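Below: one structure in structure tokens.
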Amino acid sequence: MKSRRKSIPVLLVSVLTLTLALAGCSDSPTTTAPTADQKKDPPKEAVKPTGGGGQGTTPPAQITEFKESPYFQGKGLPALNTRLPTDYKVSNEIPANQMKYEIGTYGGNLRTVTSVVDWDADVFVMDNEPLLNTPGILGDEITGNILKDYKVSDDQKEFTFSMRKGLKWSNGQPVTTEDVRFTVEDFLNNPELTPIYPVWLRGGGVAEGAPLKL
């Protein structure tokens, strides 16, 4: 009888936990009572850029004004419009049919959960800007990112990458093929700076493969 009484609280806790878990996974929208501030000042409708906006819409056809984070004010950087490339990129980090283009707001707090005190993989991924990207997590499509585009030969042995016209570093200096040469020849091929050459840059992806040539 005592064991049965002890098992009842455990059973109730299990049922409650399962109920909360199922409620969190539900697709049905949840509603909460509006706060006093919400009753006083209802949320304003987001202003959409020219040529875009809304769920699953195409990128804005034309951006007439560029804005940057207030963080960069007073940093001694050239004007924003002189630092942007001619072929600028409109964000496409998720598939086009899931995108909703609208004017964003700077500021706020980013809260993440991590088991490591001084490093967060999520923040690293968000701050990392690869040459190409794959919208979403399935990798169904490869699009340009820092590079504008790429082509692959029919035999899949030759890859041609196109840089964005007018691409610049954050200090306003132009990005050129000289920067690529420096990275490969003066950094990667320098045994003092790169004592262990990356395997993925060797022929065949093996440790014995010939290193990348530029």
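Can you work out D for region 88-214 in µm² s⁻¹ from Stokes-Einstein, where Rh is the Kirkwood radius over C-alpha pairs, the temperature is 10 °C and the viscosity is 1.306 mPa s?
It comes out at roughly 87 µm²/s.
Quick check on region 127-189: what are the equivalent-ellipsoid semi-axes from the Cα gyration tensor, as sqrt(5λ), descending, whole Å?
So the equivalent ellipsoid measures 23, 17, 12 Å along its semi-axes.
Rounded to whole Å, give me the distance from the Cα center of region 65-134 to that of region 152-177.
20
Tally Lys/Arg at +1 and Asp/Glu at -1 over every other residue whose Cβ is under 13 Å from the Cβ of F161; what's the total?
After counting each charged neighbour, the total is +1.
For region 115-199, which GluC sites (Glu not before Pro) are both in a DSSP coil and crowded by at most 14 other Cβ atoms within 10 Å?
Sites meeting the loop and neighbour criteria: E141, E158, E192.
Between K100 and residues 5 or more places away or on another chain, which pairs have amide H atoms under 5 Å apart, with H built 1.01 Å from N, and which residues are they?
G56
Another question, if that's okay. Kindly provide the trypsin sites (Lys or Arg not before Pro) of region 96-164 that DSSP labels as loop, not H, G, I, E or B, and whose Cβ sees at most 11 other Cβ atoms within 10 Å.
Filter output for region 96-164: R111, K157.
Any read-out appearing in this document is the output of simple, stated calculations on the displayed coordinates, not a laboratory observation. Predicted, not measured: the structure shown is a model, and the values here were computed from it. No Cβ is skipped: glycine too gets one built from the backbone with ideal geometry, and neighbour counts run over all protein chains shown.
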